[in-house]
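Here is the structure we will look at.
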Amino acid sequence: MSGWMVRTRAIYLRGRPTRDSIRPGDGCYTTYHGSLLPRHCGGEGPGMRGPCLRCRADLCRPQRLANVATFARRWIPRAFHALASVATLRTLRCLVWAAMLMLASSADAQTPAETAVESSSANIGETVSRDVHEIYAKGLGFLAQTQNERGTWPAGEGTGPGTTGLAVLAFLASGEDPNFGPHRDVIRKGLRHIIAGQSAVTGYISPSMYHHGFGMLALCEAYGVVDDSDLYSADESEARRSLAEATELAVRAALTAQKNNRRGGWRYAPNASDADTSVSGAVVMGLLAARNAGIEVPDESIDKAIDYFVSMTAEDGTVGYASVSEGGGESVARSSIVNLVLAIARRKDLPAYPSTLRYIVGNRDAQPTWPEYARYYQAQAYFQSDVAVWKQWNDRLVQQLKRDQKSDGSFDGDLGVTNSTSMSLLAIALNYRFLPIYER
């Protein structure tokens, strides 16, 4: 069994509840090799065989077809990245792509209409424009050339594991195979730098919770796809943490920091008692990614964070920074954070969701402060809420980035050249849709 298959299986076989601990509202579970696995009847999870141990319901045939299509669209392209350099297999690869598209179309045609997304479809098989490919390739080229021996980048401002995490995410989001692709060493050096900046005792990724949040997000997204058996050299592997250990430690540190916070969010220091929506957004997205990867994140923690974000949201959809009274001004980035968190956490039922959606859609042509940072969250929020709005906004952004990109592939910005480049690339990475956190 290949490395990524082992890692993927490990994700779903770890940290699952026992049969006796399943409660109403926990979702649906089934057995697999003696273990309990989530089997969301609504199609939100990896739909295993067998009846649900709670509601005894089985998956309908259209949903099984949809699950097969999702698995094929996600994993077959990654497997073929390892074979792409063999010339004799190019024709076979094209044939497999065609078969995948036919399978996806067949499954979509038989899925009940009520399971369709409310706005517009966003299929993984959609064509990515030449402009996006060129912008992304040049940007990754710049990042690959400027990574230093420590595995990080000279960001100009705020250099550290958070900067490294954003750059690693940019490489992972492009769909390049992290184990056999051209940037495997860049990704591994970056992951080693993030882990090196983590406390082996507390799990805190210093120097701030900003860095912790983005570093944790990168670890979580790499956890399911990077074979860390060769993450370290042979003489240092025994003394280093694995991706699984580092990710679980990072989650533990975030949860501990939240328990000590009277607002239910996070601030720059892990022992802070106050919070702000920007740092909290970085951390909670990392926790949501950890939950997607199969790491236990208590519902209580996510609920507390959501309560905090809701308390910071005004009726007009603006979101305060450190206090709700700071709402009412320009709030594109913060409103996008709240809207995105509610979407990923499946809490679109809260009034804060439609109010922030109206605000960010109504201000999609605005020029926000810290534009690269705002676009990073805007892209994800638009994609999760309304694909038609995202497509229109994305087309304009691609043309703007094409004009703004420098000849070496970088982007200038207030966040430093590395952070500005990474976030600009991640703003258009939704065109690829390879990161699990990008899934709708």
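Every number here is computed from the coordinates shown, using simple stated rules; none is lab data. Computed from a predicted structure; not experimentally measured. Note that we place each Cβ from the backbone using ideal geometry, even for glycine, and neighbour counts take in every protein chain shown.
Converting phi to 3J(HN,Hα) with the Karplus coefficients 6.51, -1.76 and 1.60 and the offset θ = phi - 60°, the stretch 186-203 yields 4, 4, 5, 4, x, 5, 4, 5, 4, 5, 5, x, 9, 6, 6, 8, 8, x Hz in sequence order, with x at every glycine or proline. List the trypsin sites (Lys or Arg not before Pro) within the stretch 309-412 that fall in a DSSP loop (any state other than H, G, I, E or B) and whose Cβ has at most 11 other Cβ atoms within 10 Å. Answer in residue order: R346.
Please report I437, I205 as a ranked list, fewest other C-beta atoms within 10 angstrom at the top and most at the bottom.
Details: I437 18, I205 34.
Placing the least packed residue first, the sequence is I437, I205.
In loop segments of the stretch 196-276 as defined by DSSP, the GluC sites (Glu not before Pro) with at most 10 further C-beta atoms inside 10 Å of their C-beta are E236. By other beta-carbon atoms within 10 Å, ranking H133, H193, H183 with the fewest at the front produces H133, H183, H193. With a Förster radius of 22 Å applied to the beta-carbon distance between D307 and R440, the computed FRET efficiency rounds to 0.35. Count Lys and Arg as plus one, Asp and Glu as minus one, and take only other residues whose Cβ is under 15 Å from that of Q258; the net charge is then 0. Assuming a ≥ b ≥ c are the square roots of the Cα gyration tensor eigenvalues, decide whether the stretch 302-440 counts as rounded (a/c under 1.5), prolate (otherwise, with a/b larger than b/c) or oblate. Judged from the Cα gyration tensor, the stretch 302-440 comes out prolate (a/c at least 1.5, a/b above b/c).
Of the GluC sites (Glu not before Pro) found in the stretch 306-405, those in coil by DSSP whose Cβ has at most 12 other Cβ atoms within 10 Å are E315. Inter-label distance, D185 to Q367: 4.2 nm, where each label sits 7 Å from its Cα along the C-beta direction. Net length available on complete extension from A234 to S199 is 10.4 nm, with 0.36 nm assigned per residue and the Cα-Cα distance removed.
Answer rounded, prolate or oblate for the stretch 130-438, using the Cα gyration tensor with square roots of eigenvalues a ≥ b ≥ c: rounded when a/c is under 1.5, else prolate when a/b is larger than b/c, else oblate. Note, shape of the stretch 130-438 comes out oblate.
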